[in-house]
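The values are calculated or read from the model by the stated rules, or taken from the named source; none is laboratory data. What you see is a predicted model, and the numbers here were worked out from it, not measured in a lab. Cβ placement follows ideal geometry from the backbone for every residue including glycine, while neighbour counts extend to all protein chains displayed. Only protein heavy atoms, including side chains, enter the accessible area calculation; ligands, DNA and RNA are left aside. Shrake-Rupley method; radii C 1.70, N 1.55, O 1.52, S 1.80 Å.
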Amino acid sequence: MDISTLIKHLWLTPQGNMPILGTVYIFFLTLIISLPLGIIVALLRLSKVKVISYIVQFFISVLRGTPLMLQLMVVTYGPSFIAKQFGYNLSMPEKLIPVVIAFSINYAAYFAEIYRGGIESVPRGQYEAAEVLGYSKSKTFIRIILPQVIKRIVPSVTNEVITLVKDTSIAFTVSYVELFTEVKRIAISHSTFMPFIVAGVFYYIFNFLVTVAMGKVEKSLSYYRI
Amino acid sequence: MNILSMENIKKSFGSNEVLKDISFKVNKGEVVSIIGTSGGGKSTLLRCATLLETIDDGTITYMGEDVTYYDQNGKLCYAKDLNHFKKFFGLVFQNFNLFPHFSVLKNVMDAPVTVLKRDREEVKKECLELLDKMGLADKATAYPCELSGGQQQRVSIVRALAMKPDILFFDEPTSALDPELTGEVLKVIKALADEKMTMVIVTHEMAFARAVSDRVVFIDGGVILEQGTPEEVFVNTKNERTRQFLQNYNS
């Protein structure tokens with residue numbers, strides 16, 4: 001298989017799958033869900049109600065302390081396995097759904113810890129100034145605190161986003177057709193190493209674009225200093 | 001009329017009793033300076049007055065309305081709608097605490113527009129006038145990080161004034177500034193005093209306190225040891241502890 005056929009194949013397989021798009025889907029859907037979800041998790045983690053904080057801490061520690069690959073398998077195969085125990089036969093949903101759920105929950109846990117660090121690093125005086133001026137708690141958070149948090153955490157978020165690009169390849173473990181799944185299949189069936197190199201170049205370019213985009217975000221927030 | 005009345009205020013942090021039965025009133029148009037040693041309770045009194053700290057015992061009243069009350073079990077409670085009382089006062093912090101991501105104009109406009117829900121154009125006009133008055137007209141579009149400490153503090157004074165408070169509190173407004181920048185801030189406060197703005201100023205600037213105040217209050221060890229006109233406190237000092245404190249300042 002020559003390189004242009006390979007790339008065409010990775011765009012659209014004869015079976016009608018789109019491996020590159022699969023990778024892109026996981027990436028964007030995970031970000032769209034996990035970035036806001038992380039804020040909610042971080043706020044629950046910082047809740048003054050100890051029970052809530054402890055429960056969230058426990059989940060964060062499990063999600064960060066076990067392999068994403070394992071979590072992915074639990075989310076993908078767990079429901080139908082459990083259903084079978086009770087005598088039901090659950091048809092497998094579109095694989096993208098469990099993959100995105102697993103990735104989003106996992107990344108939300110990481111993002112939550114980044115947000116938490118950002119929220120805790122905003123000086124007490126910012127809250128007090130807002131409080132004296134009569135801002136409600138939610139207005140204080142949305143108008144005053146969150147923008148400063150975002151500026152502080154962009155570099156750490158960039159790190160996670162770069163990792164996410166590479167982590168999308170883990171979806172091969174549940175046979176969701178994304179780039180790496182297809183690359184591995186072709187490499188084995190055609191006994192060639194080239195697909196791996198193509199995949200490497202693809203991930204590298206993807207991350208190059210991510211770095212450029214995040215650099216732009218960072219720059220757009222550089223009009224003020226904290 | 002008393003704009004603020006605090007009676008028999010007690011406040012402890014753990015076992016550390018910071019305010020021991022302090023009563024403190026401010027009349028309309030009055031400029032009161034609070035002086036005293038660090039850790040003596042000055043700032044805590046101010047933080048209790050501005051509702052940043054809750055008192056353990058006593059009563060706080062703004063414009064004759066009770067901020068705190070005792071329920072039928074004799075337990076101290078705060079009024080439900082504290083925002084109603086926050087409209088009465090403004091606070092200028094030692095460290096300015098401007099919002100770094102807002103321009104100067106947005107810093108001073110945001111609360112009147114988003115909290116008080118006032119008309120944006122009207123607020124903008126007022127704020128630009130206030131900034132102009134403080135010599136900051138050309139800084140409206142600048143960000144706090146582009147300003148000197150003295151300019152930042154003047155912006156934070158405008159931010160407080162834009163809420164049209166009945167009383168303005170200052171918590172050591174010049175303590176975080178380079179000595180050569182204190183003058184510009186003190187000048188602004190002096191101008192407000194001349195306009196009969198009701199103010200309470202916690203300060204270490206004795207000459208300033210003497211020049212600008214109608215009344216000087218000396219707080220030490222969580223109690224008011226002496227108060228009176230600047231003349232009474234600085235010249236005809238009665239309390240031995242006050243005299244010691246002032247001597248340390250003059251030497």
Out of the residues in segment B:8-39 that are under 19 Å from B:Pro230 (Cβ atoms) and among the small types (Gly, Ala, Ser), state the one that is surrounded by the fewest Cβ atoms within 10 Å (Cβ to Cβ). B:Gly29
Would you confirm whether any residue within segment A:132-141 is farther than 22 Å from B:Asp110 by Cα and in a helix (DSSP H, G or I)? no
Does segment A:66-89 include one or more residues that are outside any helix (DSSP H, G or I), within 30 Å of A:Val161 (Cβ to Cβ) and of a type outside the set (Val, Ile, Thr)? yes
Filtering segment A:105-122 down to residues that are among the acidic types (Asp, Glu) and over 25 Å from A:Ile26 (Cα atoms) yields A:Glu120
If a residue must be among the hydroxyl-bearing types (Ser, Thr, Tyr), open to solvent by 60 Å² or more (accessible area, probe 1.4 Å) and in contact (Cβ under 8 Å) with a residue 24 or more places away in the chain, how many such residues does segment B:203-251 contain? 1
Does segment B:172-195 contain any residue that is outside any loop (DSSP other than H, G, I, E, B), within 14 Å of another protein chain (Cβ to nearest Cβ) and open to solvent by less than 30 Å² (accessible area, probe 1.4 Å)? no
Is it the case, given these coordinates, that A:Arg152 is outside any loop (DSSP other than H, G, I, E, B), within 14 Å of chain B (Cβ to nearest Cβ), touching an Asp or Glu at 6+ places or on another chain (Cβ under 8 Å) and open to solvent by 20 Å² or more (accessible area, probe 1.4 Å)? no
In segment B:40-66, which residue that is within 14 Å of chain A (Cβ to nearest Cβ) and of a type outside the set (Ser, Thr, Tyr) is most open to solvent (accessible area, probe 1.4 Å)? B:Arg47
Within segment B:165-196, tally of residues that are in contact (Cβ under 8 Å) with a residue 60 or more places away in the chain and not hydroxyl-bearing (Ser, Thr, Tyr): 12
In segment A:108-130, what residues are buried (at least 20 other Cβ atoms within 10 Å of the Cβ) and either facing another protein chain (nearest Cβ under 9 Å) or at pLDDT below 95 (or both)? A:Ala129, A:Ala130
